[in-house]
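For reference, the structure is listed below as structure tokens.
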Amino acid sequence: MSRSILTASKPMRGWFSSMSLSSRGFFGGISEISDLREQNSELAEKLRQSQIDKNSYEELKAENEILKKQLGFKEQVKDKELLPAKIISREPTTFLDNIIINKGSNDGISSGQAVVSDGALVGRVSEVLSNQSKVILITSKDSVIQAMLQKNRDMGILRGGLSGVTLENIPQDVEVADKEGVVTSGLGGGIEQGILIGEVSGQKSSKAEIFKVLNVQPTVNFSKLEIVFVVK
């Protein structure tokens, strides 16, 4: 009787043994999936961090290139300090009127100082707070700067506006070459003489007028400005 029971139980023992092996395989599979998920998560984090590091490197590289471009201009104004500042705001409705930079009176900034990029005039400081300042761009309708033609040294008034930047009050008999450079005259205070503004791109006025009004193409690409330098 006992032998027959043992004989009958053999298939059951085999079944339970098979189930046990199957369970171990099942739970082992769950563990492996969990490990894979963890590894995948770690890999994703490493890739994300790698991308962040790459982006940081690219940003530092870009800023370094901007700084290097100022060295030539720095040689022109050896007695002046160039203070780098980041643009932290632009007024969307007045894109070409003004910008806000992250330096202010605590950094020695004062109203009227010239602001440059790549050695060319961006504008001048118009308002100063402790840690930020507003810069009125040369393209603004409110911008009026004393300027002159680079070759013949005739002086005029540089104005911005919706129709573009112009150099006014140039005598009608003055011969002006196309693409002649326009620089600051140094008159009026606050802005050094000889800072590049742009080049003549044509004449706006008619010959019947007493003075010429010249169109000026600024050197600065205002849409790509990120870092500027205040001339102190």
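The values are calculated or read from the model by the stated rules, or taken from the named source; none is laboratory data. If you're wondering where the values come from, they're calculated on a predicted model, not measured in any experiment. So basically every Cβ, Gly included, is an ideal-geometry build from the backbone, and we count neighbours across all protein chains shown. Only protein heavy atoms, including side chains, enter the accessible area calculation; ligands, DNA and RNA are left aside. Shrake-Rupley method; radii C 1.70, N 1.55, O 1.52, S 1.80 Å.
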> Just for segment 139-155: of the residues that are closer than 16 Å to Leu96 by Cα and assigned to a loop (DSSP other than H, G, I, E, B), which one is most open to solvent (accessible area, probe 1.4 Å)?
Replying inline: Lys141
> Quick one: is Phe229 surrounded by 12 or more Cβ atoms within 10 Å (Cβ to Cβ) and farther than 11 Å from Ala120 by Cα?
Replying inline: no
> Is there a residue in segment 67-76 that is modelled with pLDDT of 65 or more, assigned to a loop (DSSP other than H, G, I, E, B) and on the phi < 0 side of the Ramachandran plot?
Replying inline: no
> Which condition breaks for Val128 when tested against (1) farther than 12 Å from Phe229 by Cβ; (2) aliphatic (A, V, I, L, M); (3) out of contact with any Gly (no Cβ under 8 Å at 6 or more places or on another chain)?
Replying inline: (3)
>> Here is a check on your reading of the model: is Val220 over 27 Å from Asp79 (Cβ atoms), in contact with a Ser or Thr (Cβ under 9 Å, 6 or more places away or on another chain) and of a type in the set (A, V, I, L, M, F, W, C)?
In response: no
> Tell me, which residue of segment 190-213 that is open to solvent by 50 Å² or more (accessible area, probe 1.4 Å) and touching a Gly at 6+ places or on another chain (Cβ under 9 Å) is modelled with the lowest pLDDT?
Replying inline: Gly190
>> Just to verify a result, which residue in segment 82-128, among those that are of a type in the set (A, V, I, L, M, F, W, C) and touching a helix residue (DSSP H, G or I) at 6+ places or on another chain (Cβ under 7 Å), is most open to solvent (accessible area, probe 1.4 Å)?
In response: Leu96
> Hey, among the residues in segment 129-138 that are without any contact (Cβ under 8 Å) to a residue 60 or more places away in the chain and of a type in the set (A, V, I, L, M, F, W, C), which one's most open to solvent (accessible area, probe 1.4 Å)?
Replying inline: Leu129
> Could we say that Leu158 is open to solvent by 30 Å² or more (accessible area, probe 1.4 Å), over 25 Å from the mean Cα position of the chain (by Cα) and under 30 Å from Asn102 (Cα atoms) here?
Replying inline: no
> In segment 189-217, which residues are in a loop (DSSP other than H, G, I, E, B) and more than 30 Å from the chain's Cα centre (by Cα)?
Replying inline: Lys204, Ser205, Ser206, Lys207, Ala208, Glu209, Ile210
